[in-house]
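The values are calculated or read from the model by the stated rules, or taken from the named source; none is laboratory data. All values derive from a computational prediction rather than experimental measurement. Don't worry about glycine lacking a Cβ; one is built from the backbone with ideal geometry, like all the others, and counts go over all protein chains shown.
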Amino acid sequence: MIKFKAKYALTFMLIMILLLGACTPQTGTNVAPPAKTPDQTQQPAPQPKPEDEKEPEPAAPQADYSAIKANENGQIMLLMYHGIGSKEEEWVRTPENFRRDLENLYEKGYRLITLKDYIENNIKVEAGFTPVVITFDDGLQNQFNIIEENGEKKLDPDCAVGIIEEFKKKHPDFGQGGSFFVYYSNPFRQKELIKEKYDFLIKNGYEIGNHAYTHENLGEQSAEGVQKALALNVKSTQEYLPGYDVFALALPYGIAPKDEKFQYAVSGEYEGTKYNNRAILRVGSNPAPAPNHIKLDAARLPRIRASELKMGGTGIYDYLASFEKHPEKRYISDGNPNTIVIPEKEKDNINKDSIKDKELITY
Ligand SMILES: [Zn+2]
């Protein structure tokens with residue numbers, strides 16, 4: 001299949017080159033290209049076409065699946081952080097430890113992706129590497145802090161965003177991502193800088209998610225209460241970022257609306273503001289299934305606590321060690337987001353309906 005495509009592309013390019021050659025003398029007399037609208041005209045437009053056709057080619061080289069042990073139905077860690085602070089606590093990671101987490105992930109072959117790319121099955125990690133998602137709850141100031149130095153505003157190098165940005169500069173191949181689940185009225189606790197921070201986050205590949213309007217316990221809310229809490233969060237975020245797609249919810253306290261009210265965690269409306277959570281994150285304690293796994297339930301995604309305190313064998317370092325011992329359990333990319341490559345034995349664990357326009361390849 002792939003070989004056929006490559007051949008086809010090659011033939012096409014050859015034709016284009018010949019065509020280009022044939023056109024050259026003609027355009028030579030004309031000096032400037034015809035000042036026409038860029039839509040289809042009779043005349044072949046020699047310049048941009050061959051370039052356009054070249055573009056998809058680099059995606060073609062096929063990895064040696066068994067050599068890299070490709071398994072795009074393996075598990076993916078969705079890591080959960082809260083505060084970054086000077087004293088390590090159950091819900092606080094020190095800047096040093098957070099840097100060490102990133103270093104360990106990087107060294108052990110993990111690459112950052114966004115939650116959206118995970119949930120939309122659009123994983124663009126290099127062949128042989130494992131995607132990882134990092135999330136932060138509560139919108140604390142130590143996640144994104146702006147300090148002033150000599151009258152100039154700058155990113156606090158010890159806040160979460162500062163640490164990630166510094167790490168990305170050092171390791172540009174680490175990828176981009178990071179979801180911040182905020183509540184209101186003052187995400188990141190520097191009110192005059194909310195807009196500036198949101199713009200920075202979006203520009204740099206981060207995401208902003210729903211953590212209810214005022215961190216409500218959704219288990220105690222009525223149907224209307226749940227919708228109010230979730231819709232007002234979206235409305236507030238969109239006041240800073242018009243039209244922004246708030247597609248994910250991290251449940252405050254890890255508590256979901258009860259029974260039939262659970263549907264309002266997924267979608268609802270309050271005073272004209274609608275929301276639709278395509279990913280709902282719990283506190284959890286285990287890695288999440290791959291996007292095409294039969295066990296994937298996007299409304300109940302487990303997260304791993306990125307901590308080393310009171311973890312009982314379910315923290316980030318427990319899973320890093322476990323995946324080293326059992327690499328067959330881990331998601332390993334084939335490097336091509338359009339193909340889902342799995343070992344033969346994973347065949348029955350694939351939800352065939354979720355494959356859509358991708359190509360499923362077993363080996
Ligand atoms: Zn919270």
When the residues of the stretch 179-215 are narrowed to those that are within 16 Å of the ligand (Cβ to nearest atom), assigned to a loop (DSSP other than H, G, I, E, B) and not polar (S, T, N, Q), which ends up nearest to Gly109 (Cα to Cα)? His211
Does the stretch 104-121 contain any residue that is of a type in the set (Val, Ile, Thr), in a helix (DSSP H, G or I) and surrounded by 14 or more Cβ atoms within 10 Å (Cβ to Cβ)? yes
What are the pairs with Cβ atoms under 6 angstrom where one residue, in the stretch 340-359, is part of a loop (DSSP other than H, G, I, E, B) and the other, located anywhere, is hydrophobic (A, V, I, L, M, F, W, C)? Sequence gap at least six, or different chains. Asn351/Ile294; Lys358/Ile340
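Evaluate the following for Ile164: is it within 16 Å of the ligand (Cβ to nearest atom), under 16 Å from the mean Cα position of the chain (by Cα) and surrounded by 15 or more Cβ atoms within 10 Å (Cβ to Cβ)? Outline the logic, then answer.
Numbers: within 16 Å of the ligand (Cβ to nearest atom): no; under 16 Å from the mean Cα position of the chain (by Cα): yes; surrounded by 15 or more Cβ atoms within 10 Å (Cβ to Cβ): yes.
No.
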By my count, strands (runs of 3 or more DSSP E) wholly in the stretch 239-293 with at least 2 residues that are touching a residue at least 40 places away in the same chain (Cβ under 8 Å) and more than 16 Å from the ligand (Cβ to nearest atom) are 267-270, 273-276
If you scan the stretch 75-98, which residues turn out to be crowded, with 18+ Cβ neighbours inside 10 Å and in contact (Cβ under 8 Å) with a residue 60 or more places away in the chain? Gln75, Ile76, Met77, Leu78, Leu79, Met80, Tyr81, Gly83, Ile84, Arg93, Pro95, Phe98
Report yes if some residue within the stretch 214-228 is at pLDDT 95 or above and under 24 Å from Asp117 (Cα atoms); otherwise report no. no
From the options Asn338, Asn351, residue that is modelled with pLDDT of 95 or more and under 22 Å from Glu126 (Cα atoms): Asn338
